[in-house]
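After the structure tokens below, expect a handful of questions from me.
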Amino acid sequence: MEKYLKRKASSSTGNNDASNNVIDVNDLPWDPSERPKIITYNPNQRDEIRRKYLVRGPCQPRGHIFPTKVIEDKGRRDQGGNHGIYAFVAEGFNSWSKKNRLTLHEGEVNSFHHKTLKKFKDLVNQNQSIVVAFRKQTELMKTEYHMRLNASVEVCRYLLENALPFRGNDESEKSMYKGLFLGTLKLIRRTNGEIEKVILQNAPKNNQLTSPKNQKDLVTCFGEEVLKGVIREIGDDVFALLVDESSDVSRKEQIAVVLRFVDKVGVVQERFVGIVHVMDTSAVSLKSVLDGLFAKHGLSFTKVRGQGYDGASNMSGKFNGLKALILSDNDSLQKKHEGIKDFFDLLALVVTVVKSSCKRKDMLRESHKERIQEEIGNNEIETGKRLNQEISFVRAGDTRWNSHLKTIVSLIVLFPEVIQVLEYVEDDGDNGAIRLQTRGLLSYLKAFEFVFYMHLISTILGLTNSLSQALQRKDEDILEAIDLIGTTKGQLQMLRENGFDQVLEKCYSFCDKHKIVKLDMTEAYVNTRNSRKRMNITNQHYYNYNIFNTVLDMQI
């Protein structure tokens, strides 16, 4: 048993390269003395090596001097060749002169020698072995399976390309109409005799590849391949993410995911990624689902350059919504100017306070109407067609920058009325918190810094408005859009180089009209948030370089 244990140990160590590597049987050594033990070869190749040696036949050593043995007072030795079992090559056979020893070694019918000889013949004659016969049968089954699978794949491809339904209401044997999938397979069977032999009723009952599960698997495979093509099309480029919640007829909550990007030829493409079932519609849960989807397909939130959602707080919520969570993971989307951010946040709060009740909206509208009538009577404003029409204080949307421009323009026009409504809320608010909040808004609106941000942003959005609206059109040509981008960047660059005095003049005019304290640009700048913190710069430097140039550089 010791030798078998040693063999097992040597083959299981994995240290011998020959036992792990497949070798070329045509390069096997011929001389038995040079042959490695069979146990050192790869287990999957040992029978092949044995067969190669057996087909070669016996090896007659040449030029080898065998040891001499004294027999009947004479020195004799073998003239070449060893024979027999393992002991022949391991220990040497010295009884070659006694023929009866060979007969004894051969033994009876069931002896070790005869069993070995039978195994030798079976090993050499592989065409009659069970393995070969089974392999032939397996190859036939494999061919039929491939024909059957290809037929189902082609039917699936045809139905998907034409957006046709797969299944019928009744797919039983007695049904007249079993759906397009089985119906198309029947059509293929009637037109191709070879395929007819291996599909539908002529296929094994458990291997017809027509069950609903098989159909879904094929559709899933096609979907994966299409999605891989979309990912390859995006490559390492940026894209926009569109997500919406959608429940199916069974009332299961789902999210639909769409990617929007520009392909290699410059055409804007929208690709539907899939519908993902979600157990929970909280923003954290939705983010987790998208993390798994993105990781599966090699996408990254760092490549997201735009987001589109509905108005639900769990989707587009400013603080804890899905949009905010993705923004927190994406440095490229977080590039912002704190002053601009505060401006838009407080502007949205002003709109909310002013439009939170019908009484306040009526007050805003009537006050504006009275002011316009008074200014017309004093010949302070022009009259004519489409002039001095009623204007409303509009709320900005998240996805349309044109709406932000409308909000700022309406605030500039309605500024006295907005101040009047806020002062009313400050005096007669529902509770102390609302009055305190309104007092802070009034203080911000009457500050020169707010006036400067308001006119700077309105000027920038006025220059980019044409581009913004063009990019919203579905039929926009990408080359035309690129030209428009170049023109807009040129206008912004000109504004940066020569427009500060123009914006400052608008601010001074607005302050004079609405009795807001103007700042002297030559005086030292005082931080309104922290008056004790001195920056040792002038107002001119702060508003020109820290705000004006910085914001325009970011926009460009």
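The values are calculated or read from the model by the stated rules, or taken from the named source; none is laboratory data. None of these values were measured; they are calculated from a predicted model. Backbone-built Cβ (ideal geometry, glycine too); neighbour counts: all protein chains shown. Quick note on the areas: whole protein, heavy atoms, side chains included, nothing else; ligands and nucleic acids left out. Shrake-Rupley method; radii C 1.70, N 1.55, O 1.52, S 1.80 Å.
Taking amide H atoms as placed 1.01 Å from N in the peptide plane, list the residues 5 or more away in sequence, or in a different chain, whose amide H sits under 5 Å from that of R305.
For R305, whose amide H was placed from the backbone, the distant partners under 5 Å are F239, A240, L241.
Something else now. Once both labels are modelled 7 Å past Cα along the beta-carbon direction, what's the I412-C221 spacing in nm?
6.2
Just to confirm, what accessible area per residue do you get for region 226-271 at 1.4 Å probe, in whole Å²?
Solvent-accessible surface per residue comes out at 58 Å².
Moving on. How large a share of the accessible area of region 457-512, in percent, is made up of carbon and sulfur atoms when the probe is 1.4 Å and the other protein chains stay in place?
Looking at region 457-512 in its full context, I get 51 percent from C and S.
Now a separate question. Per-residue counts of other Cβ atoms within 10 Å, averaged by peptide: what ranking do you get for 410-422, 353-365, highest first?
Packing order, densest peptide first, comes out as 410-422, 353-365.
Using a 1.4 angstrom probe on the protein heavy atoms only, could you order I537, I482 from most to least accessible area?
I482, I537
Could you check the simple spin-label distance between V238 and K446, using points 7 Å along Cα→Cβ, in nm with one decimal?
Placing both labels 7 Å beyond Cα along the Cβ direction yields 4.2 nm.
Suppose R0 equals 35 Å. What FRET efficiency, 1/(1 + (r/R0)^6) with r the Cβ-Cβ distance, do H541 and V265 give to the nearest 0.05?
The calculated FRET efficiency here is 0.15.
Would you please give the FRET efficiency between E366 and V249, computed as 1/(1 + (r/R0)^6) with r the Cβ-Cβ distance and R0 = 41 Å, to the nearest 0.05?
The computed FRET efficiency comes out at 0.25.
Just the accessible area for E375, please: 1.4 Å probe, Å², rounded to the nearest 10?
The accessible area of E375 comes to roughly 30 Å².
Now for a separate question. For Q472 and L187, what does the FRET efficiency come to when R0 = 45 Å and r is the distance between their Cβ atoms, rounded to the nearest 0.05?
It comes out at approximately 0.45.
Measure off, as a whole percent, the carbon and sulfur share of the 1.4 Å-probe accessible area of region 176-287, all protein chains present.
For region 176-287, the apolar C and S fraction of the accessible surface comes to 56 percent.
Using a 10 Å cut-off on Cβ atoms, rank the peptides 42-49, 453-460, 113-120 from the highest mean neighbour count down.
Most protected by this proxy first, the peptides run 453-460, 42-49, 113-120.
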